[in-house]
Structure formats: structure tokens, C-alpha cells
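The values are calculated or read from the model by the stated rules, or taken from the named source; none is laboratory data. As the structure is a computational prediction, the values presented were derived from the model and not from experiment. Side chains are part of the model used for accessible areas, which takes the heavy atoms of the whole protein and leaves out ligands, DNA and RNA. Shrake-Rupley method; radii C 1.70, N 1.55, O 1.52, S 1.80 Å.
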Amino acid sequence: MLTPEQIRERADRTRALLADRFGHHVSDEESAEMRRKMREATAAHRAALAESGPGAGSEASG
């Protein structure tokens, strides 16, 4: 798991990349919304795996 400082560093690098390569400047609001969506997607994925039972998803890793 990343530390809060590592998360901020990655976010800063991503913002710089988007601004430099694509001219898109990400606002704090956009960042917060994306984090929320990613948390929801991760939670839904984990719930789906838990419902599938033991060994679910093991085919993708092997």
C-alpha cells in the first residue's frame, strides 16, 4: 500500500504528464472524483471476487 506522500507524488507526476503531453490541467475536484470512482470500482471488484468463491480470478494470474 502506498503512503500518503507516495500517492501525492504519483498524482503530481500524473498531473504534470497530462498537462505536458495533452494540455489538460486536472483540478483538485477532478482528482477527488477520480479517486472516488476508483475506490468504488475496487470495492465492486473485490465484492464480485468474494461472491465467486475460493480461487476466483486465479486463472488471470497464471
Between the Cα axis of helix 28-52 and the main Cα principal axis of the chain, the angle (0 to 90°, nearest 10) is 10
With Cα coordinates, the longest principal axis of the chain makes an angle with the long axis of helix 4-22, in degrees rounded to 10, of 60
With a 1.4 angstrom probe the carbon and sulfur portion of accessible area for the chain, in percent, totals 56
In Å², rounded to a whole number, the accessible area per residue of the chain with probe 1.4 Å is 89
quick shape note, the chain: Cα extents on principal axes in Å, largest first -> 44, 25, 24
